[in-house]
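Some notes on the structure that comes next.
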Amino acid sequence: MSKHIITISRSYGSGGRQVAKAIARELDIHYYDKELMQLVSLEHGINMSIVSGADEKHEESRFKKYSGSEIASPSSKKYLSKENIFNMTAGIIKDIADKDESAVIVGRCAHFVLKDRPDVIRVFIHADDEDLITNAIKYDGCDRDEAIRRIDRINKERAAYHRYYTNHEWNDARCYDLCLNTSKISIEKCVEVIEKYIEIMDSVK
């Protein structure tokens, strides 16, 4: 297999993180999720609580669109802003993609930050509403009412975050190469589909 960066965007409760971990294990490649925020914290000397507070969250609904903006200096009033932390995260994502090795990157608009790279495979994982609830209960140990609240809140946050930085709707299929519904096929089958897609892409190079 040639080098590929697989970005996994996912609705909360869809099993997207499980798909990402499974494909990373299957291909024996690096996996990045919350590790991205830890790298931002370490590289830029920002408390992890501040970095986490900006992670895939944004209250703004207006469009902004990421344009590769430079990172503000520590002396700037914008240094700890959500926009600057996004720029820092985007820089980390680009550094990972520039390495001579494959990787799986979860969320953080990585599919958009890396959209001009030919070695990127952009995947969106979703599921039917009832399965989102069932999975949230299973993975988080919460009751049904709390699962519904979490699904609504987290997916709204991710949608607003995506809209603000990419100028696209989060669930727009045009943003991705593959859209997989875990209500229709298992996590294992999702991994098989992604692997097959990689084989096809390698064969047409």
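Throughout, read-outs are computed from the coordinates displayed, never taken from laboratory work. A quick note: this is a predicted structure, and the numbers were derived from the prediction, not measured. Every residue, glycine as well, gets a Cβ built from its backbone with ideal geometry; the counts of neighbours run over all protein chains shown.
Numerical summary
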| quantity | calculated |
| --- | --- |
| Interchain or long-range residues, amide H under 5 Å from Tyr31's placed H | Val104 |
| Length added when fully stretched, Asp128-Glu195, from 0.36 nm per residue minus Cα-Cα | 21.8 nm |
| Amide N of segment 88-109 lying under 20 Å from the label point, which is placed 7 angstrom from the Cα of Met48 along Cα→Cβ | 88-90, 92-93, 106-108 |
| Straight-distance crosslink candidates among aspartates and glutamates, where the alpha carbon sits under 20 Å from Lys184 and sequence neighbours closer than 8 are dropped | Asp128, Asp129, Glu130, Asp131, Asp172, Glu192, Glu195 |
| Calculated over the chain: convex hull of Cα atoms, volume per residue (Å³) | 124 Å³ |
| Members of Lys77/Lys115; Lys57/Lys78; Lys138/Lys196; Lys57/Lys99; Lys3/Lys82 lying beyond 25 Å, as alpha-carbon distances in this model show | Lys77/Lys115; Lys138/Lys196; Lys57/Lys99; Lys3/Lys82 |
| Using θ = phi - 60° and Karplus 6.51 cos²θ - 1.76 cosθ + 1.60, couplings along segment 85-98 (whole Hz; Gly, Pro as x) | 5, 4, 4, 4, 4, 4, x, 4, 4, 5, 4, 4, 5, 6 |
| Simple label model, 7 Å out from Cα along Cβ direction - Tyr139 to Asn181, nm | 1.9 nm |
| Point-to-point label distance, Lys115-Asp152, nm (Cα→Cβ direction, 7 Å offset) | 3.1 nm |
| Summed residue charge, Cβ within 15 Å of Ile133's Cβ, Lys/Arg positive, Asp/Glu negative | -4 |
| Simple Cβ-charge dipole of the chain, Lys/Arg +1 and Asp/Glu -1, about Cα centre, in debye nearest 20 | 580 debye |
| All aspartates and glutamates inside 14 Å of Lys189 as judged from Cα atoms, apart from same-chain residues fewer than 8 positions distant | Glu26 |
| Segment Arg25-Glu169, extension gain: residue separation times 0.36 nm, minus the distance between their alpha carbons | 48.8 nm |
